[in-house]
1. Need the list of lysines near residue 116 for cross-linking: C-alpha distance under 27 angstrom, and skip anything on the same chain fewer than eight residues off.
2. Using modelled backbone amide H atoms (1.01 Å from N, in-plane), which distant-in-sequence or interchain residues come within less than 5 Å of residue 82's amide H?
3. How much length, in nm to one decimal, is gained on full extension between residue 107 and residue 161, taken as 0.36 nm per residue of separation minus their Cα-Cα distance?
4. At R0 = 35 Å, how high is the FRET efficiency between residue 115 and residue 10 if r is their beta carbon distance? Nearest 0.05 is fine.
5. Filter the chain for me: DSSP H helices, axial length by Cα at least 27 angstrom, mean Kyte-Doolittle hydropathy not below -0.5. List them by residue number.
6. Can you give me the relative contact order of the range 55-150 as a percent, contacts being Cα pairs under 8 Å and 6 or more apart?
7. Could you check the spin-label model distance between residue 39 and residue 80? Points 7 Å from the Cα along Cα→Cβ, value in nm.
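What follows is calculated from the coordinates using simple rules that are stated; it is not laboratory data. Note that this is a predicted model, so its numbers are computed, not measured. Here Cβ is always computed from backbone atoms with ideal geometry, including for glycine, and neighbour counts include all displayed protein chains.
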Amino acid sequence: LYNQGIVTGITSTSFKPNQNATRGETAQFIANALNLDTTNVPNPGFKDVPTTHKYYGAIAALYERGIIGGYGDEFKPNNLLTRSQVAKMLTLSFDLQLAGSAKTKFTDVNKLNDTKTKLYIQTLVDYNITTGTSATTFSSNGNLTRGQLATFLYRAMNETETEDAFEIIDIQ
């Protein structure tokens, strides 16, 4: 992912996979993975993300596509992201077919009240994008690490490339 320009390090020599991912860098990595135009995008109007902000283009591009939202008139690019939040972002970003059942193998997810969140997480399971933090735990409210984000992106990109290849084969 680094060689493809999708992810960047904290410094030129350090990725820090165990460091928590921020909303801003997650937006940037996803925009890079989708190869989105981040220069010709309408301003979403977040007062904490001026057009000069490092992640402005990625945030604006993902907002325009309905993949991310804000907190009123703020995006909070330096806030941390949870694993359940990235499940939604990845499902929407890669146009994954939403799971048909909210019952998952993860006991912590089954206890959640939000059915839509359960479906986003199950979607990642269905596409083999996540295996959880253990065999029966997803850690939906846990902070997403940079390493987990890279893994999720890699798997999502590979999964959707495979689907596209099958669609081409079916047409021929």
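1. 76, 88, 103, 105
2. Here 144 satisfy the definition.
3. 16.4 nm
4. Once the sixth-power term is evaluated, E becomes 0.45.
5. The qualifying helices are 146-171.
6. 30 percent
7. 3.6 nm
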